[in-house]
Structures are given as C-alpha cells and as structure tokens.
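Novice: Quick one: the structure is below, questions incoming.
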Amino acid sequence: MELFRQRNSAMTCVLTGEDKVVTLLVEESDLVVNADGEIDCSLETILRKNKVSTGDIHEWKIQRIQIIEVIEGKEKVIREYNPEMVLSLLQV
C-alpha cells in the first residue's frame, strides 16, 4: 500500500496539551483504507509504538489528539479524539 507516495502526503498524530505539543509520525504500515475509501489508522497502535502511556497523557495535560494528513505542506485533520476516550482505550 503506497498511500503516501500516491497522495504525496505524510501523516502525523498531534497531541496538544496546556503547555506542550507532541507530534508523532504515522508509519505507512499503520494505515488502512476503510470501507468508505478513507485513510484511517489505529490510534492505539501509534501511541503504543511511540511509547506514549496514560501517565504521559495525564502529565502533558493533553486536551486534544488529532490525526493530520500533510499534503504538499497543507494540513488536513483526518480524525480528532477525546483524550478521555483514549485513556480508557490504553488502560485495556
């Protein structure tokens, strides 16, 4: 699946806190094309691969988590997650 090359894009996961912004790269192997033909990825996989824990999310006071596609320098928010939902997902 050569999604990045076909679309001339890259994906990032951006965690925005009160005083800190953390940007994680999304690997192409973490991407899937869903039933609607949209690019999607597992947030849990991205966070675990980057060793981001529930403690980190609390410590950084994360208020917003977004998956962003960057196409030719322009950013497009693909997904936005509620940090509380992410915390419950990581505790499973």
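Novice: Mind listing whichever residues of segment 71-92 are surrounded by 14 or more Cβ atoms within 10 Å (Cβ to Cβ) and modelled with pLDDT of 85 or more?
Specialist: The answer is ILE78, ARG79, TYR81.
Novice: Keeping to segment 27-56, report how many residues are of a type outside the set (Val, Ile, Thr) and not in a helix (DSSP H, G or I).
Specialist: Summing the residues that are of a type outside the set (Val, Ile, Thr) and not in a helix (DSSP H, G or I) in segment 27-56 gives 13.
Novice: Within segment 57-72, is there a residue that is of a type in the set (D, E, K, R) and part of a strand (DSSP E or B)? Can you show your working first?
Specialist: Let us first name the residues in segment 57-72 that are of a type in the set (D, E, K, R), namely 59, 61, 64, 69, 72.
If we keep only those that are part of a strand (DSSP E or B) too, we end up with 64, 69.
Yes, the conditions are met somewhere in segment 57-72.
Novice: What tally of residues in segment 73-92 results from selecting those that are assigned to a loop (DSSP other than H, G, I, E, B) and charged (D, E, K, R)?
Specialist: Result for segment 73-92: 0.
The values are calculated or read from the model by the stated rules, or taken from the named source; none is laboratory data. What you see is a predicted model; the values in this text were computed from it and never measured. Don't worry about glycine lacking a Cβ; one is built from the backbone with ideal geometry, like all the others, and counts go over all protein chains shown.
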